[in-house]
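Asker: First, the structure itself, so that you have it in front of you.
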Amino acid sequence: MNELSSRIAATARSLFRSRGYVATVIATLAIGIGASTSIFSILHGTVLQPLPYPQPDRLIRIRDRYVPTGGSGTLSVPNFLDLKSEVRTLEEFVAFNVGSVNLATEGAPVRTRSLRVTGNFFVGLGVAPVVGRGFQEGEDREGAVRVAVISQRLWQERFGGRREALGQTLMVNAEPHTIVGVMPASFWFPGDPQLIVPYAWSESDLTENRGNRWLEGFGRLAAGISEPAARAELQTIFGRLEDEYPESNDGWTVETYSIREWMLGYNRTSLWLLSGAVILVLLIGCVNVANLMLVRAERRQREIAVRAALGAGRARIIWLYLSESLSLALVASAVGVAIAWGATRVLLLLFGGTLPRANQVGLGPPVVAFAVGLALFTGLLVGLVPAL
């Protein structure tokens, strides 16, 4: 213990005598570690964490596709209802639309992101309100009492998180809706909706032109069913609809892909590319720091020769260099975490609206552990160069 304390003290004295060198190394490493940690925090919060639904690998995106051009499109109401009634490879087939509405309570009216869904939305997604209930059968038909489920954030901002919010009335596009449920804080869906309401389909909606395509759709695969199997069945059913209603469905079919690909695909590619660029910046910083350490090692040749003459072995001298580089890297990690916190706030302010699950981004334990691990690796990497 005494020997370890003396080594730490010797390292501190050595670094204190070269304050300009120390400041340069810490600043260089802190920028690289901070940038890397900031991007990792966004990557961790938006892409690396599993989707917040039970068995998300069983969720698939379902759309129409026009075969002659390969372009994809949305579903019409009659086509959706026919597919839903006949398909057997899906436990649930859900239709939805993301949009925005004018929302008014006792506070000032605001424009709010919303989600309009079929009544089986919560069952299909595998989530449920943490307070109150979801939608009941028949609430997505014209004439039913208009109901709404709100997000945790809207619940806190507009109702102070009080359970008495259930049963209160929201004016959604000047139409009264009764609040029946509140989603958990972990809930997320593309578009970041704060309000979820059921469709109010009329009889004319249910029999409208099949060429009027405006519904988005997703499904939950039945147990033991693969996505290709579900796609094949849906395409077979749609083939019959094409023969029966050629004026609207000629040339159209159904396409499917994983819901993760739809929710995260574009952002995932961009973030991985950005991560690679940031790691490259960190590596350039490591090269610069290693060069500084080599210059410092050249200047310390007489000191090292004296240490060797006094009996310091190769391991002791290597430890001298590594202890200095690791100490500097750990200090740089602390500064880097502070830089990452500020950089992450700025990135979320600028691009948070385009990032999935932006509310999940933060410097939690996994991100801090990443920063410390990155610092230790960097310290070993740059310290080994002069040591060897």
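The values are calculated or read from the model by the stated rules, or taken from the named source; none is laboratory data. In this text, all values refer to a predicted model and were calculated from it rather than measured experimentally. Cβ sites come from the backbone with ideal geometry, for glycine too, and all protein chains shown count toward neighbours. Just the protein is used for accessible areas: all its heavy atoms, side chains included, with ligands, DNA and RNA removed. Shrake-Rupley method; radii C 1.70, N 1.55, O 1.52, S 1.80 Å.
Asker: Of all the accessible heavy-atom surface of the chain, with the other protein chains kept in place and a 1.4 Å probe, what percent is carbon and sulfur?
Answerer: Solvent-exposed carbon and sulfur of the chain make up 59 percent of the total.
Asker: Please report the relative contact order for the chain, taking Cα pairs under 8 Å with a sequence separation of at least 6, and give it as a percent rounded to a whole number.
Answerer: 29
Asker: Are there any GluC sites (Glu not before Pro) in the stretch 179-230 that are in a DSSP loop and have at most 15 other Cβ atoms within 10 Å? List them by number.
Answerer: E208
Asker: Would you mind checking the radius of gyration and Dmax of the chain based on alpha-carbon positions, in Å?
Answerer: 29.4, 96
Asker: Turning to a different aspect of this structure: Before rounding to the nearest 500, sum -39500 (n - 2.57) across all DSSP H runs of length at least 4 in the chain and divide by the residue total; then give [θ] at 222 nm in deg cm²/dmol.
Answerer: -17000 deg cm²/dmol
Asker: Identify the GluC sites (Glu not before Pro) of the stretch 66-159 meeting these criteria: DSSP loop state and at most 13 other C-beta atoms within 10 Å of the C-beta.
Answerer: E106, E137, E142
Asker: What does the accessible area per residue of the chain come to in Å², with a 1.4 Å probe and no ligands, DNA or RNA counted?
Answerer: Accessible area per residue: 48 Å².
Asker: Not counting the cut sites, what is the longest span of the chain without trypsin sites (Lys or Arg not before Pro) that DSSP labels loop and that have at most 12 other Cβ atoms within 10 Å?
Answerer: Counting only loop sites that pass the neighbour cut-off, the longest clear stretch is 163-388.
Asker: Let me ask you something else. Relative to the first principal axis of the alpha-carbon coordinates of the chain, what is the inclination of helix 77-86, with its axis defined by its Cα atoms, in degrees from 0 to 90 and to the nearest 10?
Answerer: Taking Cα atoms only, the helix is inclined about 90 degrees.
Asker: Which angle between 0 and 90 degrees, to the nearest 10, do you get for helix 227-244 versus the longest principal axis of the chain when only C-alpha atoms count?
Answerer: Orientation of helix 227-244: about 30 degrees from the principal axis.
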